[in-house]
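Taken together, the values in this text are just the output of simple stated rules run on the coordinates, not laboratory data. These numbers come from a predicted model, not from an experiment. Because the Cβ atoms are built from the backbone with ideal geometry, glycine has one as well, and the counts that use them run over all protein chains shown.
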Amino acid sequence: MNSMNNDNYSGPQVPADPTAAIDWKDLYNRIPDEALIIQFAASFKENTHSLIEKLDESLRQNNIEQIEANAHALKGAAANLGAVLLAKAAWQLEYAARNRQCPQFHSQMQAIHSEYAGVMELLAQPNWIELAKTYHS
């Protein structure tokens, strides 16, 4: 395993615009049923926090294989929810881990925290579906 400098990681970041966190058209193309989307979003909210924690722990332990595996899992969960920017950030971390580009891990993790915060902030809104529809119309 390669070593990393953990001094550059400053933790979760604030999202720029949470209404942009979910691409409604992308999500609806994947799951064309709002009731099912609501169930899927609830599952995402319940389960992805542990993936973020696993990624953070993998970074602290410099475990490149686990960084790659957890980033891959997060990428899939985010893509399925239409959280395109979060999926992209997770893919970038997965790619960096696969290619042993350790200096990029912390900036990638900051992007993941920022995008994840935006997704969670949007999903916390009772009218999140309408907000996502409006933003991407």
Inset, instruction - Provide the net charge surrounding Ala90, with neighbours chosen by a C-beta distance below 11 Å and charges set as Lys +1, Arg +1, Asp -1, Glu -1. - result: -1
Inset, instruction - Work out the charge dipole of segment 28-135 with +1 on the Cβ of Lys and Arg and -1 on the Cβ of Asp and Glu about the Cα centre, then indicate which of His113, Ile64, Leu85 is farthest towards its positive end. - result: Ile64
Legend entry - Length added when fully stretched, Asn63-Ser43, from 0.36 nm per residue minus Cα-Cα: 4.5 nm
Inset, instruction - From the P(r) of the chain, can you give the percent of Cα pairs sitting at distances over 18 Å? - result: 51
Inset, instruction - Could you please report the charge total around Leu122, scoring K, R as +1 and D, E as -1 over all other residues with beta-carbon less than 12 angstrom from its beta-carbon? - result: -3
Legend entry - Partners for Lys54 among lysines (Cα-Cα distance below 22 Å; same-chain residues under 8 apart left out): Lys45, Lys75, Lys88
Inset, instruction - Before rounding to the nearest 500, sum -39500 (n - 2.57) across all DSSP H runs of length at least 4 in the chain and divide by the residue total; then give [θ] at 222 nm in deg cm²/dmol. - result: -22500 deg cm²/dmol
Legend entry - Largest-first principal axis extents, alpha carbons of segment 88-137, Å: 41, 19, 11
Inset, instruction - Excluding residues on the same chain fewer than 8 positions from Lys25, give the aspartates and glutamates whose Cα lies under 17 Å from its Cα. - result: Asp33, Glu34, Glu130
